[in-house]
Amino acid sequence: MHERISAGQTCFPDAGLAQLAGYWRELAPRRVSFVSPTLLTEPLSAVQQVLSSGGYRVETITHVFMPGQHLSPEETSWQQPRAQLTQLIEIARQIDARSIYLLTGGHGSLTWEQAAAAFCGAVAPCAAQAKAAGVSLLIEPASVLHADLHIVHSLRDTLALAEMADLGVCIDFFACWTEAGLRETMMRAIPRCDIIQVSDYVYGDRALPSRAVPGDGVIPLWRLLEWVLAAGYAGAFDLELLGPRIDHEGRVPAVARAAGELGRMLRSLGA
């Protein structure tokens, strides 16, 4: 597997730590990523043993900041999510994770500006903690069908919120590839970007998630990769593959094939 490709746990959403470790042994990545429930429930020593056994580097951790909650200006609503993120940042520090990327909490009945202000207030102490710990705290764009969990649904809005909160950015090609002015937005985002997620989309797919193996769909991945590399991006590319196509093929074979295709594109671009 190309050394800049990360095998994300999001590709194996039902896997426990032991099963995940088996998948990673089979795929042999150098970089991996986690979803936060695994790290918040499994013993830290067990996580460290898995990482040590494969010599893996942890690129990023996916975290839903306010699961089941909408953003609110009421500070009492932030206390438990803030405490959990504080715990996760400390775990990230101990396993040398490079970043944590967040879903912000839902829109609720607030305007976007009100929700953004609430998120900035809620996350501010954690942003300072992460910076001191050497962990990048990021936000990503996500489908509007996740409006119960998140308030940014384009790379432009993600970058705007990141600038407001002084956070970094996770670029998910699947969530932003259709945007106008995308190259210019990416160039603005790259200085804040610490992880890029890669998958593909096939015209006509309607299920959510509806991701495909890179090269099977219509997202202009080679062009997007060329743009971010030319803009100076030097980080990892995290595979995020889930949905009916991935389940039908089998998750390990799909990730292996995706890593091969993405690696071929990266090598052709000199990465």
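The values are calculated or read from the model by the stated rules, or taken from the named source; none is laboratory data. In this text the structure is predicted, and so the values were computed from the model without any measurement. As a convention, Cβ positions derive from the backbone with ideal geometry for all residues, glycine included, and neighbour counts pool all protein chains shown.
Could you count how many residues in segment 200-224 are more than 19 Å from C11 (Cβ to Cβ) and assigned to a helix (DSSP H, G or I)?
Qualifying residue count, segment 200-224: 3.
Listed residues A128, A116; which is among the small types (G, A, S), at pLDDT 95 or above and surrounded by 15 or more Cβ atoms within 10 Å (Cβ to Cβ)?
Values: A128 fails: surrounded by 15 or more Cβ atoms within 10 Å (Cβ to Cβ).
The conditions single out A116.
For segment 54-100: of the residues being among the small types (G, A, S) and closer than 25 Å to R192 by Cβ, which is surrounded by the most Cβ atoms within 10 Å (Cβ to Cβ)?
A92
Can you tell me which of L103, L51, L17, L27 is touching a His at 6+ places or on another chain (Cβ under 8 Å), within 24 Å of V255 (Cβ to Cβ) and surrounded by fewer than 21 Cβ atoms within 10 Å (Cβ to Cβ)?
Answer to the selection: L103.
For G68, work out the one condition from (1) in contact (Cβ under 8 Å) with a residue 40 or more places away in the chain; (2) part of a loop (DSSP other than H, G, I, E, B) it doesn't fulfil.
Unmet for G68, out of (1) in contact (Cβ under 8 Å) with a residue 40 or more places away in the chain; (2) part of a loop (DSSP other than H, G, I, E, B): (1).
Of all residues in segment 30-48 being more than 20 Å from the chain's Cα centre (by Cα) and touching a residue at least 12 places away in the same chain (Cβ under 8 Å), which is surrounded by the most Cβ atoms within 10 Å (Cβ to Cβ)?
Kept after step one, since they are more than 20 Å from the chain's Cα centre (by Cα), are these residues of segment 30-48: 42-46, 48.
Cutting the leftovers down to touching a residue at least 12 places away in the same chain (Cβ under 8 Å) gives us 42, 44, 46, 48.
Working: E42: 17, L44: 12, A46: 13, Q48: 13.
Going through the qualifying residues, I end up with E42.
Taking segment 162-199 as the search range and keeping residues that are out of contact with any Lys or Arg (no Cβ under 6 Å at 6 or more places or on another chain), of a type outside the set (D, E) and assigned to a loop (DSSP other than H, G, I, E, B), which one is surrounded by the fewest Cβ atoms within 10 Å (Cβ to Cβ)?
So the residue we want is A180.
Give the residues of segment 221-253 that are in contact (Cβ under 8 Å) with a residue 60 or more places away in the chain and either among the polar types (S, T, N, Q) or touching a strand residue (DSSP E or B) at 6+ places or on another chain (Cβ under 9 Å) (or both), sorted by residue number.
G235, A236, F237, D238, L239, E240, L241, I246
L110 fails exactly one of the following numbered conditions: (1) crowded, with 22+ Cβ neighbours inside 10 Å; (2) touching a residue at least 40 places away in the same chain (Cβ under 8 Å); (3) not in a helix (DSSP H, G or I). What is the number of that condition?
If we test L110 against (1) crowded, with 22+ Cβ neighbours inside 10 Å; (2) touching a residue at least 40 places away in the same chain (Cβ under 8 Å); (3) not in a helix (DSSP H, G or I), just (1) comes out false.
Looking at T60, T76, T158, which is the one that is part of a helix (DSSP H, G or I), of a type outside the set (F, W, Y), within 29 Å of W177 (Cβ to Cβ) and at pLDDT 95 or above?
After applying the criteria, what remains is T158.
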